[in-house]
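A quick write-up on the structure given underneath.
The values are calculated or read from the model by the stated rules, or taken from the named source; none is laboratory data. Note that the coordinates shown come from a computational prediction; the quantities given were computed from them, not determined experimentally. As a convention, Cβ positions derive from the backbone with ideal geometry for all residues, glycine included, and neighbour counts pool all protein chains shown.
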Amino acid sequence: MSLGAGMHVENRKISAIFKLVIVALVIYAVVAGFTGSSGPSPLRCFTFQSNIVVGAVAFYLALGRLRAFPERFRLDSYLRGLTIFAISITGIVFHVLLASELDHISFTNQVLHTVVPVAFVLDWLVFGPKGSYRYRDILIWMIFPVVYLVATLIVARFDGFYPYPFMDAGTFGYGTVALNVGLLVVAFTFLGGIYVNVDRLMSLSKRRASAA
């Protein structure tokens with residue numbers, strides 16, 4: 001195992017194992033969430049969708065680390081960036097807007113909203129290649145959450161189920177919901193910019209360390 005700049009670890013097997021642990025956590029939490037649910041499908045929640053995407057992308061990246069197929073740098077970069085962005089939204093929205101409204105946070109909820117988001121971001125920080133993100137990539141990262149918001153509001157128009165209080169147009173009206181969504185889009189565009197800058201700084205740090 002070799003350490004690059006900062007805390008970057010260049011070890012394919014350890015990287016693959018860490019990703020497979022994330023996959024196992026996602027499988028556990030998603031299955032537990034479905035088992036304990038009643039009413040509308042948990043898939044209506046961005047939490048479950050983003051966690052499933054994490055599991056799929058982590059598994060794909062783990063296979064690449066194990067040389068199961070040739071790695072594709074730009075494709076892997078887009079997939080990792082989109083997934084980090086989506087699961088970060090899951091974690092941040094839960095802890096900032098939703099957790100305080102709950103009397104009890106179950107272990108499954110902790111895995112879905114805390115453990116998996118932190119683990120996947122940590123996987124990128126420690127094992128992921130750096131220097132591939134661009135500000136224009138944020139537009140691609142935004143596709144998943146924006147499509148989710150629009151689709152959910154359309155479906156909820158017919159069955160009245162809003163997965164999250166800030167999206168409840170039946171209670172607050174579409175004007176308030178549009179304002180809430182607009183504020184979230186601005187906030188998470190800013191978050192995307194943070195990830196791009198961190199990526200660039202870590203890449204620069206690694207190049208300087210290599211040249212030293």
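Counting only residues that are under 27 Å from Ala32 (Cα atoms), give me the helices (runs of 4 or more DSSP H) lying completely in region 102-212 with at least 3 of them.
Values: elements: 107-110, 116-127, 137-159, 169-172, 174-211.
The helices (runs of 4 or more DSSP H) meeting that bar are 107-110, 116-127, 137-159.
Is it the case that region 50-73 has a residue that's without any contact (Cβ under 8 Å) to a residue 12 or more places away in the chain and closer than 23 Å to Phe188 by Cα? Yes: one or more hits. When you look at Ala119, is it crowded, with 17+ Cβ neighbours inside 10 Å, under 24 Å from Arg65 (Cβ atoms) and among the aliphatic types (A, V, I, L, M), yes or no? So Ala119 passes the test.
Restricting attention to region 155-171, the residues that are out of contact with any helix residue (DSSP H, G or I) (no Cβ under 8 Å at 6 or more places or on another chain) and hydrophobic (A, V, I, L, M, F, W, C) add up to 1.
Scanning region 127-178 for residues that are among the hydrophobic types (A, V, I, L, M, F, W, C), crowded, with 16+ Cβ neighbours inside 10 Å and under 20 Å from Gly193 (Cα atoms) turns up Ile138, Trp141, Met142, Phe144.
For region 19-47, a residue qualifies if it is under 28 Å from Leu66 (Cα atoms) and out of contact with any Lys or Arg (no Cβ under 9 Å at 6 or more places or on another chain), and the qualifying residues are Leu20, Val21, Ile22, Val23, Ala24, Leu25, Val26, Ile27, Tyr28, Ala29, Val30, Val31.
Taken over region 56-77, the residue count meeting the criterion of being part of a helix (DSSP H, G or I) and at pLDDT below 90 is 7. Just so you know, in region 18-48 the residues that are of a type in the set (S, T, N, Q) and surrounded by fewer than 19 Cβ atoms within 10 Å (Cβ to Cβ) include one that is modelled with the lowest pLDDT, and it is Ser37.
Close contacts from region 140-153, counting a first residue that is within 19 Å of Arg80 (Cβ to Cβ) and a second that is among the β-branched types (Val, Ile, Thr) and at pLDDT 95 or above, with Cβ to Cβ under 6 Å and a gap of 6+ residues or different chains, come to Pro145/Ile89.
State yes or no: is Gly81 under 22 Å from Tyr148 (Cβ atoms) and touching a helix residue (DSSP H, G or I) at 6+ places or on another chain (Cβ under 7 Å)? Judged against the criteria, Gly81 is a match. Residues of region 133-174 that are of a type in the set (Gly, Ala, Ser), more than 15 Å from Cys45 (Cα to Cα) and touching a Gly at 6+ places or on another chain (Cβ under 8 Å): Gly170 alone.
Identify, please: which residue in region 96-110 is surrounded by fewer than 16 Cβ atoms within 10 Å (Cβ to Cβ) and touching a helix residue (DSSP H, G or I) at 6+ places or on another chain (Cβ under 7 Å) and is, among those, farthest from Pro163 (Cα to Cα)? Among those that are surrounded by fewer than 16 Cβ atoms within 10 Å (Cβ to Cβ) and touching a helix residue (DSSP H, G or I) at 6+ places or on another chain (Cβ under 7 Å), it is Ile105. Residue pairs whose Cβ atoms lie under 7 Å apart, sitting 6 or more positions apart in sequence or on different chains, and linking a residue in region 111-126 that is farther than 16 Å from Thr47 by Cβ to a partner that is outside any helix (DSSP H, G or I), are Leu125/Met7; Val126/Met7; Val126/His8; Val126/Val9.
Pairs linking a residue in region 87-104 that is aromatic (Phe, Trp, Tyr) to a residue that is buried (at least 20 other Cβ atoms within 10 Å of the Cβ), with Cβ atoms under 8 Å and 6 or more positions apart or on different chains, are Phe94/Thr47; Phe94/His113.
Would a scan of region 167-176 turn up a residue that is on the phi < 0 side of the Ramachandran plot and in contact (Cβ under 8 Å) with a residue 40 or more places away in the chain? Among the residues of region 167-176, not one is on the phi < 0 side of the Ramachandran plot and in contact (Cβ under 8 Å) with a residue 40 or more places away in the chain, which makes the answer no.
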